[in-house]
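Novice: Provided herewith is a single structure, encoded as structure tokens, for subsequent inquiry.
Every number in this text was worked out from the coordinates using simple rules, so none of it is lab data. Worth saying up front: this structure is predicted, and the values here are computed from it rather than measured. All Cβ positions, even for glycine, are placed from backbone atoms using ideal geometry, and neighbour counts span all protein chains on display.
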Amino acid sequence: MLPPLVIRGREFEWGQHTYVMGVLNVTPDSFSDGGLYYKPEKALRRAEELIEAGVDIIDIGGESTRPFAQPVPLEEELRRVVPTIALIRKHFDVPISVDTYKARVAEEALAAGADIVNDVSALRFDPEMAKVCAKNKAPVILMHMKGTPQTMQIDPHYDDVLAEIKAFFEERIAFAERMGLDRRRLILDPGLGFGKRFEDNLKIIKHADFFRGLKLPVLLGPSRKSFLGQIVGKEAPERDAATAATIAYAVLKGVDLVRVHNVSFAKDVISVMEALKEVQ
């Protein structure tokens, strides 16, 4: 049994339930919802919708990390993210994660009211990030990515995708602990779509419980990803049903968190799957 994580009085009982992280991109160019919530007032209304849908964590990001996306300058990312987090925190007590690999963005976001750092680089891209997270005692999501957003989909290759991701996590967990982070506040994300081939993504989902061997909570982010488009032949906004299928499978595999755009859809899927799991 993994120890629970308490954020703003809410207890996340890992291994007992699959929780929902709702995506809120304050970007003009994210692959699914770029530009929709670019202004803080629109982001606030979207946060309210996510909360009404039952979201457990709102994940706010100011830089698209879709394949081949260009980096956003630090000051621009700060301008997008920090006022939005401050505005949402002023109105709501929902747990918030900040999706960034920049230490200064993380630090200012945490000061503005964020609770969790969701780092797609797993503390690799900014040498100050681990120090910021340790100082603030912030839970950290460590995500696996091969390369960078600019290079990750240029002919990625694995001999054994599961074993290689596990080895990556083992190294990153050890690094985080050396830097003063509490292991009990780490969450692992295998990084669907981040430097993965079509077959790699499917294998990660099918064997998601493999990563539970590391004795840490596991997050999956399948929402509207291009590998689902390859299966169903639909564009990103029409991939919620395909996403729901992966969520259902993730629940069966004991995944602790799913990161999604359509929170209401995900909550319904999880409720049904968990009810079925209870039947003897």
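Novice: Under 11 Å from a label point 7 Å along Cα→Cβ of GLU274: give me every residue in the range 54-77 with its amide N that close.
Specialist: Correct set: 56.
Novice: May I ask for the net charge around VAL98, where only other residues with Cβ less than 12 Å from the Cβ of VAL98 are counted and Lys, Arg are +1 while Asp, Glu are -1?
Specialist: Result for the local shell: -4.
Novice: For a quick check of your reading of the filter: which chymotrypsin sites (Phe, Trp or Tyr not before Pro) in the range 183-263 sit in a DSSP loop and have no more than 13 other Cβ atoms within 10 Å?
Specialist: none
Novice: Separate question: Would you mind checking which residues have amide H under 5 Å from THR27's amide H? H placed 1.01 Å from N; only 5 or more apart, or other chain.
Specialist: For THR27, the qualifying residues are GLY35, TYR37.
Novice: Sticking with the crude label model, points 7 Å out along Cα→Cβ, report the distance from LYS137 to PHE198 in nm, one decimal please.
Specialist: Here the modelled spin labels are 4.8 nm apart.
Novice: Would you kindly calculate the translational diffusion coefficient of the range 190-259, applying Stokes-Einstein with the Kirkwood radius from alpha carbon pairs, for 20 °C and a viscosity of 1.002 mPa s, and quote it in µm² s⁻¹ without decimals?
Specialist: Estimated diffusion coefficient is 177 µm²/s.
Novice: When the chain is treated as a GNM, springs tying every alpha-carbon pair under 10 Å, which of ALA174, ALA134, ALA69 comes out with the largest mean-square fluctuation?
Specialist: The residue that fluctuates most here is ALA174.
Novice: Follow-up question, since we're still on this one. Can you give the FRET efficiency to the nearest 0.05 for PHE68 and GLU164, using r as the Cβ-Cβ distance and R₀ = 22 Å?
Specialist: Result of the calculation: an efficiency of 0.45.
Novice: Taking the Cβ of each residue in TYR158, TYR101 as the centre, tally the other Cβ atoms inside 10 Å and list the residues starting with the fewest.
Specialist: Taking fewest neighbouring Cβ atoms as first place, the list is TYR158, TYR101.
Novice: Taking only Cα atoms and a 10 Å spring cutoff, compute GNM fluctuations for the chain and point out the largest among GLU75, GLU41, GLU170.
Specialist: Result for the chain, Cα springs under 10 Å: GLU75 fluctuates most.
Novice: So how much slack lies between ARG45 and VAL232, counting 0.36 nm per residue of separation and subtracting their Cα-Cα distance, in nm?
Specialist: Using 0.36 nm per residue and subtracting the Cα-Cα distance, I get 64.2 nm.
Novice: What is the Cα radius of gyration of the chain over 2.2 N^0.38 Å, N being its residue count?
Specialist: Relative to the rule-of-thumb radius for its length, the chain sits at 0.92.
Novice: Could you derive backbone 3J(HN,Hα) for the range 94-102 from the dihedral phi with the Karplus parameters 6.51, -1.76 and 1.60 (θ = phi - 60°), listing whole Hz in sequence and x where the residue is Gly or Pro?
Specialist: Karplus-based 3J(HN,Hα) across the range 94-102 equals 5, x, 10, 10, 10, 8, 7, 10, 9 Hz.
Novice: Could you please rank MET179, MET145, MET152, MET21, placing first whichever residue has the fewest other Cβ atoms within 10 Å of its Cβ?
Specialist: Ranked by crowding around the Cβ, least crowded first: MET179, MET152, MET145, MET21.
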